[in-house]
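Q: I am attaching a structure below and will ask some questions about it afterwards.
The values are calculated or read from the model by the stated rules, or taken from the named source; none is laboratory data. Just so it is clear, the model here is predicted, and its values are computed rather than measured. A quick note on method: Cβ atoms are made from the backbone with ideal geometry, for glycine too, and the neighbour counts reach across all protein chains shown.
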Amino acid sequence: MKEQLEKWGHIVYASAESGQLFTVLLIAYLIMIAVERMLYIWLRPNQYNNKDGLYSMGVSTITAIAEAIIFGALYIAIYLFVYENFRLFTMPNVWWAWVAIFLLHDFAYYVDHYISHRVGFFWAFHHVHHSSNEINITTAARGFFLGQLAQPAYLLLPLLGVDLIQLAIVATLKNVWGIFNHTRLVTKMGWLERFLCTPSVHRVHHGTQRKYIDKNYGQVLSLWDKLFGTFQEEEEEPRYGLVTPLKTYNPFKAHVAGVSGLYQKMRLAPTFTDKLKYLYKPPGWDHITQRELGKHRPSADDVKT
């Protein structure tokens with residue numbers, strides 16, 4: 001009985017700490033939006049799309065509410081269940097463990113991000129993040145309301161003994177860097193470009209030019225992209241968004257556009273096998289040709305106007 005009470009006490013404490021860190025991250029996000037907006041007024045007047053910024057914040061609000069009420073709690077429950085019942089060992093509170101947790105989290109982020117671009121089912125969720133034709137701090141939190149449940153690689157962390165509080169601390173710090181990476185006000189960051197995912201590196205990820213598509217999946221370290229051949233340096237200014245732009249400022253339409261697109265492709269597929277393939281094949285796969293056409297966002301260089 002005592003062990004059960006201690007276990008539930010730890011779960012409640014870990015959940016509360018995670019909630020507090022989410023609040024810290026939200027405040028940091030809003031402050032960064034305000035600072036960037038003021039810098040645009042000073043450095044690049046009339047170059048900030050206020051309508052798109054409000055649109056992105058609308059999408060983010062839908063996600064935040066859904067996660068706070070339902071899906072965030074469900075993700076925490078799944079995480080704690082794996083940690084309490086299946087962990088192989090326990091990460092101690094020492095410096096080398098925190099370095100290991102950071103590396104594990106950064107690698108898991110890379111894997112999940114790669115999957116979200118290369119698997120049709122997961123792209124349907126991630127689609128909303130790329131649906132803006134702009135990139136700024138507001139774009140960073142554009143996510144699907146089920147997004148937290150579409151991160152299979154993160155379940156390696158509780159399996160390897162990463163406590164929920166340890167996860168929340170590392171994720172919060174890394175997410176602040178990830179938010180910063182969505183600005184256009186920072187060009188290059190000197191020697192940091194060699195090993196970090198800087199704003200320049202991440203802008204490539206949002207580009208629609210052929211050489212930019214499906215590149216630079218990392219959040220903090222560019223190590224994984226360079227190791228697995230998905231790194232691309234920023235050369236000319238990227239064209240942001242989707243090659244076929246999503247022409248709406250309705251956050252609800254943007255939220256469901258990816259899922260709706262996947263449903264339409266599955267509906268038109270003549271056989272059950274082809275319908276199923278749309279779930280696990282790359283988003284650019286086509287049931288007529290049975291091959292991937294220009295990946296999920298065919299190059300704007302190939303689009304005839």
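Q: Would you tally the residues in region 46-70 being closer than 26 Å to residue 150 by Cβ and aromatic (Phe, Trp, Tyr)?
A: 1
Q: Right, here's the next one. Hey, does region 208-217 have a residue that's among the basic types (Lys, Arg) and more than 27 Å from residue 47 (Cβ to Cβ)?
A: no
Q: A further question on this structure: Give the residue, chosen from 140, 168, 124, that is part of a helix (DSSP H, G or I), hydrophobic (A, V, I, L, M, F, W, C) and in contact with an Asp or Glu (Cβ under 9 Å, 6 or more places away or on another chain).
A: Criteria check complete, one pass: 168.
Q: Here's something else I'd like to know. Pairs, please: C-beta under 7 Å, at least 6 apart or cross-chain, first residue over 16 Å from residue 26 (Cβ atoms) and modelled with pLDDT of 90 or more and in region 41-64, second in a helix (DSSP H, G or I) and not aromatic (Phe, Trp, Tyr)?
A: 48/37; 53/138
Q: Kindly list, by first and then second residue, each pair from a residue in region 135-157 that is of a type in the set (Val, Ile, Thr) to a residue that is in a loop (DSSP other than H, G, I, E, B), limited to pairs with Cβ atoms under 7 Å and residues at least 6 apart or on different chains.
A: Here the result reads 135/182; 135/184; 135/206; 137/182; 137/183; 139/132; 139/182, each pair linking region 135-157 to a residue that is in a loop (DSSP other than H, G, I, E, B).
Q: Checking residue 266 against (1) within 21 Å of residue 57 (Cα to Cα); (2) in contact with a Lys or Arg (Cβ under 6 Å, 6 or more places away or on another chain); (3) not polar (S, T, N, Q), which single condition isn't satisfied?
A: (1)
Q: Just need a number here: residues in region 84-110 that are within 18 Å of residue 173 (Cβ to Cβ) and charged (D, E, K, R).
A: Looking only at that region, the number is 1.
Q: Turning to a different aspect of this structure: Failed condition for residue 242, given (1) touching a residue at least 60 places away in the same chain (Cβ under 8 Å); (2) touching a Gly at 6+ places or on another chain (Cβ under 6 Å), with all others met?
A: Checking residue 242 against (1) touching a residue at least 60 places away in the same chain (Cβ under 8 Å); (2) touching a Gly at 6+ places or on another chain (Cβ under 6 Å), the one that fails is (2).
Q: Follow-up question, since we're still on this one. Working only within region 161-204, note down all residues that are under 16 Å from the mean Cα position of the chain (by Cα), farther than 17 Å from residue 21 by Cα and either modelled with pLDDT under 95 or not aliphatic (A, V, I, L, M) (or both).
A: 180, 181, 182, 183, 197, 198, 199, 202, 203 - these are the residues of region 161-204 that are under 16 Å from the mean Cα position of the chain (by Cα), farther than 17 Å from residue 21 by Cα and either modelled with pLDDT under 95 or not aliphatic (A, V, I, L, M) (or both).
Q: Give me the pairs: first residue in region 280-292 and within 15 Å of residue 268 (Cβ to Cβ), second residue in a loop (DSSP other than H, G, I, E, B) and modelled with pLDDT of 85 or more, beta-carbon distance under 6 Å, and six or more apart or on different chains, which are they?
A: Here the result reads 287/269, each pair linking region 280-292 to a residue that is in a loop (DSSP other than H, G, I, E, B) and modelled with pLDDT of 85 or more.
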